[in-house]
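Any read-out appearing in this document is the output of simple, stated calculations on the displayed coordinates, not a laboratory observation. No experiment lies behind these values; they were computed from the predicted model shown. Don't worry about glycine lacking a Cβ; one is built from the backbone with ideal geometry, like all the others, and counts go over all protein chains shown.
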Amino acid sequence: MPRFHFLRSTAMGVSLGVAAACMALPAFAATPVTVTFEANSVWAQEIGHLDHADGSQDYTVAVAAGKTLQVNLISSNANVYFKVNDQGHDQQVLDSHKTGVSTWSTPNATATTYTIQVYMDPAAVDRDETAKYALQIGQYGAEDLRPPTTAVTFQPNKPWAEEDGSLASGATAHDFTVSIAAGMTVAVNLVSSNPQVHFKVEDQTHQKLADTSTTATNTWSDSVAKTTATTYMIEVYADPAAMPAGQRAPFALQVGQFEAGGAQPTQPAGATTTSSPAATTSASTPPAAT
């Protein structure tokens, strides 16, 4: 199961309030809300509203080294914006009123704390206007984007199993495990239209047995000792430099087991990877407004 809580992005409704704002908003409010994350979740969401009496709201979030901070602001009111201030470097890094964006992210080489201010433009606020919003805040690293390990299993009387997947920018590897009985031979085939997709194999002692990036073929096989069953780790991967943003590389991983010394059974037919399979939800998928 995925380790993270995911929600889909939806717009917040509009409600009517009191008189329009008539004075400039402070740079950052004095009573910020501290953003916290639930266990096993890289996302937090804050729901609020702005009006004449409360024209801005500040949030602070501590971001660990090596993590990406992502901020999404959802509101049906076009006059709601957000600013981001990096406290660790004492500088404002974004004002969405100037950039026109509703989603923003930045990597962090070192740990820092950000203040995020949601505010209304006082010059554009109509009389009796109140604006609801959802502020979605995420922090995630490369390890959070990696899909969970998939266990390969075999159906009765079928020597081959196939797992379809897709690699993407920021999630360029997917691990599989397969248990092979004693005295059997394991065979692995990787089918992909992308020549930059390869696989590695390790045994249960973490000894590397294969890396197809160094060979001319995406197939491999090995015989298991007659007295001991073995579990293999198969990593399907691509060089991150070969996966531009927005690109996906679908693949089919075929794993077979058959009696050692016997003929290899016919491989599964018709593995197609020309279109991407259903995408695995990523940590960078924003949380959902509720």
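Filter LYS158/LYS208; LYS158/LYS226; LYS67/LYS208 down to the pairs with a C-alpha to C-alpha distance above 25 Å, please. List each step's numbers first, then the result.
On the way: LYS158/LYS208 27 Å; LYS158/LYS226 21 Å; LYS67/LYS208 29 Å.
Listed pairs above 25 Å: LYS158/LYS208; LYS67/LYS208.
Can you put LEU253, LEU73, LEU209 in order of Cβ neighbours within 10 angstrom, beginning with the fewest? Numbers along the way, then the final one.
Working: LEU253 25, LEU73 19, LEU209 15.
Listed from fewest to most nearby Cβ atoms, that is LEU209, LEU73, LEU253.
Can you tell me which aspartates and glutamates have their Cα less than 14 Å from the Cα of LYS200? Leave out same-chain residues fewer than eight positions away.
Filter leaves ASP175, ASP211, ASP222, GLU235, ASP239.
What whole-number distance in Å separates the alpha-carbon centres of region 102-118 and region 230-250?
28 Å
Each residue of region 247-260 in order: what ³J(HN,Hα) in whole Hz does its phi give by Karplus 6.51 cos²θ - 1.76 cosθ + 1.60, θ = phi - 60°, with x for Gly and Pro?
Once rounded to whole Hz, the list reads 8, 10, 10, x, 8, 10, 9, 10, 10, x, 9, 7, 4, 4.
What ranking do MET233, MET120 get, fewest neighbouring Cβ atoms within 10 angstrom at the top?
Going from least to most buried by this count: MET233, MET120.
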